[in-house]
Amino acid sequence: MDKKRVYYFGGKAADGKADMKNLLGGKGANLAEMCLLGLPVPAGLTITTECCTEYYENDCQLPAALMPEVWAAMEKVEEVMGLQYDDADNPLLVSCRSGARSSMPGMMDTVLNVGLSSKTIPGLIRKTGNPRFVYDSYRRLIMMYADVVMEKAEGLAPAEGKGIRKLLDEMLDEFKHAKGYKSDTEITADELLELANAFKAKVKEALGTEFPDDSKAQLEGGIKAVFKSWNGKKAIAYRRIEGIPDEWGTAVNVQAMVFGNMGDGSATGVAFTRNPATGENQFYGEWLINAQGEDVVAGIRTPSPLNDATKNEQNKHLASMQELMPATYQELDDIRLILEKNYRDMLDIEFTIQEGKLFMLQCRVGKRTGVAALTMALDMLHEGLISDKEAVMRLSPDQLDELLHPILDVNDEKKRTVIAKGLPAGPGGAVGKIALTSEKAMEYGKLHIDSILVREETNPEDVEGMRAAAGILTARGGMTSHAALVARGWGKCCIVGCEAVHINLEANEITIAGKTYKEGDTISLNGTKGWVYDVAIKMVDATENPRFQEFMTIVDKYRTMGVRTNADTPEDALNAINFGAEGIGLFRIEHMFYGQNSEEPLAKLRNMILANSTEERVEALKELEPFVREIAKGTLEVLDGRPLTFRLIDPPLHEFVPQTEDKQRELAKEKGLPYEEIKRRIDALHEVNPMMGLRGVRLGVVNPEITEMQFRALFEATAELMKEGKNPVLEIMVPLIISVAELKHQKAIADRVQAEVEAKFGLKINYLYGTMIEIPRATLVADKVAEVAQFFSFGTNDLTQMTFGFSRDDVNVIVNSYIDEKIIPADPFNILDQEGVGELVQIGTERGRKTNPSLKVGVCGEHGGNPSSVAFFYKTGFNYVSCSPFRVPIARLAAAQAAIRG
Ligand code: PEP
Ligand code: MG
C-alpha cells in the first residue's frame, strides 16, 4: 500500500496522538490527542510533514494519491459534523492551517471559511438565518484566499504596500469611512455582499485571475498554499534564528469550521492553563464575543479578560467569560485541568464558542518567562504532577540566566523601537545616561546616577568606569573581548561589537543611524538580546526569587561534574560561593593591576617591566611580592577549604604600560626619568603579534625571576594561613604551554622556592601543579605533559583563537559575515566549536589520562558557562567547569541536565 499521508481526527477518535509531532506537526498531534481525551474538537484531518517534503521534491506538485485520500477522510469529517462539503443545503466549511514540528507562530499561512461559493452560500443563509454572518465570512475568505493562495503561493511579489491584502483592507476602510462606521460590526449584510463582490472584481483586476467559485478547487488551493508558505520569506528567516532545519516541512490541518462570529452567544479566545508571566496557578486568558480567532491575535479589538484572575487596569471594565457564560467557563476550566493532567505541563489553548457550544481548536505547551518556568516547575513538583528530574529539565539555562539579572520590562520594551543591535555580551538590562569616558561614568557613579559607558572598545584603563556604569556598550570587540569578559564576570549588562554606534569624543556625542545623542542623554540596553533603545525603559528585578535556592538544591542532586568560578578577588570569590561555586578554577593575577586600589601594585609592576637590568627587575619584584601574597592569602582564606587555582601571570607586558604620549610623559615624571628614555623602554616591548609573543609561560622562561616571585608569594600565603590554623587549598597552573619541557623548567623553580619556604616556616606545603591547555600543540603532546601536570585546565578562549587563527579581540566583523554566509554556525568564542576545537579537547583529555589516569581535567575559558558547551565537557569526562560568578548557577543547571540526559 502507498504510504499514509492523511490522518483523521474527530469524535473521540484519532489516527494520531501527541507523540507523533514529527509526522503530524505540533498542532495536528495535539488535536488528535485532545480527541482521544474526549474533548470537543471540530473534526478534521492532518496531512503529514513528509507529504510537504514530497511536494517540494516533486517540483511543488501535490502527490497524485493525496487528494483522493483527503476526500476519503473528509467523508468521516462530514459524518461526525453532520454536514457536507460543497453541499447546497447543509454545507461544511473548513480551515486550512499550517503546523510544523516546533511552533513557528504567525510565520506561515492560514485560510479560513474554505468552501463558501455561490452554490453553498444560499443554503448556509437558510440554515443559519444569518446572512450578515455568512457574507462576513465570505469577504474574509476572499481576503485571505487572494492573499495566501493567489498571491503569495503563486510567488507574486507586489511592491511594498501594493499587496492584495493591503488593497482589500484599504477598500474596507474606505467603505466604512464613507458610511461613517467606526467598527466592522456596523456593516450590514447587504453591504457585506456588495463589498465581497467589489473584492472579487479587485482580485481579478490586480492578480489577473478569478477568485475560484468552486469549493473543491478552494480546498486544494488552500493545502498547496500552506505547503508553499513553509518556504515563505518570514518562515525561512524564523527558521534561521531558531535553528529549525529546512527539511522538516509543515503539516496541513484541514478542520471543520466552527464560528465565534455567529452573534452574542458566540465567542473566541486564547488562554494559558497557568499565568505565563508569573507562573501562578491561575487560569489566564482573553476572549472576544462575536469574533473569529484572527481578531484576537490581530489586536483589532481590545480583548476582554477571561476571568477575575485576568483582570487588570486596562480591561477591568470589560465583562469576563466567567461572568457572562459561567457554565461554558466552568466547562473550559475543567478541560484546563484534564489537559494539564495529561500533558503534565502548562498549555496554551485556543477555543471557540459557537452559539453556546464550546470547541477546542488548539493546545500546545506554552511559552513562559524565566520566573514563570521556575514557579511552575516547583509547583508542579509539589502537586505531584512531575518528578524532581523533570522539574530540573523544565527550566532552560537561558531562563535561569534571565532570573539572575535585573531586566528590561518586556511589556514596556515591546512598545519601543530598537535603534541598534550588537553582540549580547553581558545579560540583563540597563538604563542610564550616556558616558563617553570612564571618568564621566565614575562622576555619575558618585552622584548615584546610572550611566551607560559607551566606548569604541574598552581596555584595562576603563575598568573603574565599567564598574561604575550600569551597562556597557562598545562599537567594536567580540564575545571574549575585554569588555565582554569583565562585564560577564560582574554580571553586568553589556553589548559589544555594536557597529552602528559612531563615537565623536570631540563633540561629546555619538550617532546611531544618522541620529545624534549627547553625553547625558538616556539610553537603554537589553544585554540578553544585544538591543539598544534611545528611551528609558522600565526595569524589573527578578533576582530575589525565594524559590531559586530550592530549585538549585534539586539541581545539585543530579549534578556529577564540579562547577568552579573565575574570580580574582576575595569579594568576587565570596559572591561566587553564594552562587554555589565549589572553588576557583581560574584566578588571573593580572587583574590586581586594574581597577580599585591598583595604583601601588601597578606602579611596582611597571618598575619591573621597565627595569633596565635583572638586578633592577629582581628589586622591583621584591616590592611587588607582598601585594601578590596578600591578595592570594585573602582569597584562599575566603575559600576556606575550597581550591584556588592560581594562574601564573599571562598577558603580554605592554598591556600594563601607557601607550599614549601624555600618559608616558606622566610616567616619566613619576619615575624621574626623561620622557625619551621611558618611550624607548616601552617601544622595546613592541611586538607585531603580541598574542603570539612574549606572554604566558614564555614570560617565566625568559625572566625566571617573575615565576620565582609568584611561587614565593603563594607558598608564603599558604604557610601563613596554615600557621593561623586555616585551611588553604592551593593549585597552581602554568599558562600557554607547548611542551612538557616548559612545565619542568618552571617546576624546578617551584621546587627550590617550596623548599626554602618550608624551611622558613617549618612545615610541609601541599599543592597541585598543573597547566592550562590553550595551544593546539599542547593537546597533541598531552600524554607527555601529563607526566608532570597533575591537572589540565583547558583555556578554550586561546585554544579557539589559535585553532581558528581568529584574533579574539577583533574578530566580530569576520564572525558575523561567516555566520551570515553559513560558513560557521555560531560565534566559536561563545559556543564551543565541538567539531574542531572540541576534537582537540577530546584528544588532549584522552592522551593526558593515558599516562596519568588520575589527571583532573577542567575548563576555564568562557565556554565553561555556556550550556551546550558544558554538556560537551560533561560527555568528554571533565571533572569540572569554571565560569564567571554569575554564570555558576547556569553551569550547575546545564551540568545537571547533561547528567540526566545521560
Ligand atoms: C583562555 O584562554 O581560555 C583563558 C581562560 O585564559 P585568558 O582568557 O586569560 O587568556
Ligand atoms: Mg588564555
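Details
- If only residues of the stretch 728-740 that are under 16 Å from I631 (Cα atoms) and out of contact with any Ser or Thr (no Cβ under 6 Å at 6 or more places or on another chain) are counted, the one that is farthest from ligand 2 (Cβ to nearest atom) is V729.
- Number of positions in the stretch 733-751 that are touching a residue at least 12 places away in the same chain (Cβ under 8 Å) and not in a loop (DSSP other than H, G, I, E, B): 11
- Residue check, E666 surrounded by fewer than 15 Cβ atoms within 10 Å (Cβ to Cβ) and not in a loop (DSSP other than H, G, I, E, B): yes
- Among the candidates L610, L644, residue that is aliphatic (A, V, I, L, M) and either under 25 Å from I773 (Cα atoms) or open to solvent by 10 Å² or more (accessible area, probe 1.4 Å) (or both): L644
- Residue list for the stretch 858-890, restricted to those being open to solvent by less than 10 Å² (accessible area, probe 1.4 Å) and away from ligand 1 (no atom under 14 Å from the Cβ): V870, P885, V888, P889, I890
- Taking the stretch 10-95 as the region of interest, the helices (runs of 4 or more DSSP H) fully inside it that hold 1 or more residues being buried (at least 22 other Cβ atoms within 10 Å of the Cβ) and among the acidic types (D, E) are 21-36.
- Number of residues in the stretch 792-826 that are more than 16 Å from ligand 2 (Cβ to nearest atom) and open to solvent by 20 Å² or more (accessible area, probe 1.4 Å) equals 14.
Here is a yes/no grid of residues against (1) within 16 Å of ligand 1 (Cβ to nearest atom); (2) β-branched (V, I, T):
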{"position": "I584", "(1), (2)": "yes, yes"}
{"position": "M592", "(1), (2)": "yes, no"}
{"position": "A603", "(1), (2)": "no, no"}
{"position": "E625", "(1), (2)": "no, no"}
{"position": "I631", "(1), (2)": "no, yes"}
{"position": "L636", "(1), (2)": "no, no"}
{"position": "L639", "(1), (2)": "no, no"}
{"position": "P643", "(1), (2)": "no, no"}
{"position": "L648", "(1), (2)": "yes, no"}
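- Considering each residue of the stretch 776-791 in turn, none proves to be within 11 Å of ligand 1 (Cβ to nearest atom) and open to solvent by less than 30 Å² (accessible area, probe 1.4 Å).
- Close contacts from the stretch 769-784, counting a first residue that is among the basic types (K, R) and a second that is within 16 Å of ligand 1 (Cβ to nearest atom), with Cβ to Cβ under 8 Å and a gap of 6+ residues or different chains, come to R777/I738.
- Verdict on T560 being in contact (Cβ under 8 Å) with a residue 24 or more places away in the chain, open to solvent by less than 30 Å² (accessible area, probe 1.4 Å) and not in a helix (DSSP H, G or I): no
- Single condition D264 does not satisfy, out of (1) open to solvent by 60 Å² or more (accessible area, probe 1.4 Å); (2) within 30 Å of G129 (Cβ to Cβ); (3) modelled with pLDDT of 95 or more: (3)
- Selection within the stretch 742-775: residues that are within 16 Å of ligand 1 (Cβ to nearest atom) and hydrophobic (A, V, I, L, M, F, W, C). The member of this set that is most open to solvent (accessible area, probe 1.4 Å) is I775.
- Selection count where residues are surrounded by fewer than 16 Cβ atoms within 10 Å (Cβ to Cβ), touching an Asp or Glu at 6+ places or on another chain (Cβ under 7 Å) and at pLDDT below 95, scope the stretch 509-544: 2
- The sole residue among I682, I706, I649 that is outside any helix (DSSP H, G or I) and either open to solvent by 20 Å² or more (accessible area, probe 1.4 Å) or under 29 Å from L799 (Cα atoms) (or both) is I649.
- Pairs with Cβ under 9 Å, 6+ apart, first in the stretch 796-809 and without any contact (Cβ under 8 Å) to a residue 24 or more places away in the chain, second open to solvent by less than 50 Å² (accessible area, probe 1.4 Å) and near ligand 1 (Cβ under 9 Å from one of its atoms): F806/T800
- Odd one out for L168 among (1) open to solvent by 20 Å² or more (accessible area, probe 1.4 Å); (2) among the aliphatic types (A, V, I, L, M); (3) in a helix (DSSP H, G or I); (4) over 22 Å from M257 (Cα atoms): (1)
- Some residue of the stretch 829-836 being away from ligand 2 (no atom under 13 Å from the Cβ), touching a His at 6+ places or on another chain (Cβ under 7 Å) and in contact (Cβ under 8 Å) with a residue 40 or more places away in the chain: yes
The values are calculated or read from the model by the stated rules, or taken from the named source; none is laboratory data. Quantities reported herein were computed from a predicted structural model and do not represent experimental measurements. Positions of Cβ are generated from backbone atoms using ideal geometry, with glycine treated the same way; all protein chains shown enter the neighbour counts. Surface accessibility is based on the protein's heavy atoms, side chains included, excluding ligands, DNA and RNA. Shrake-Rupley method; radii C 1.70, N 1.55, O 1.52, S 1.80 Å.
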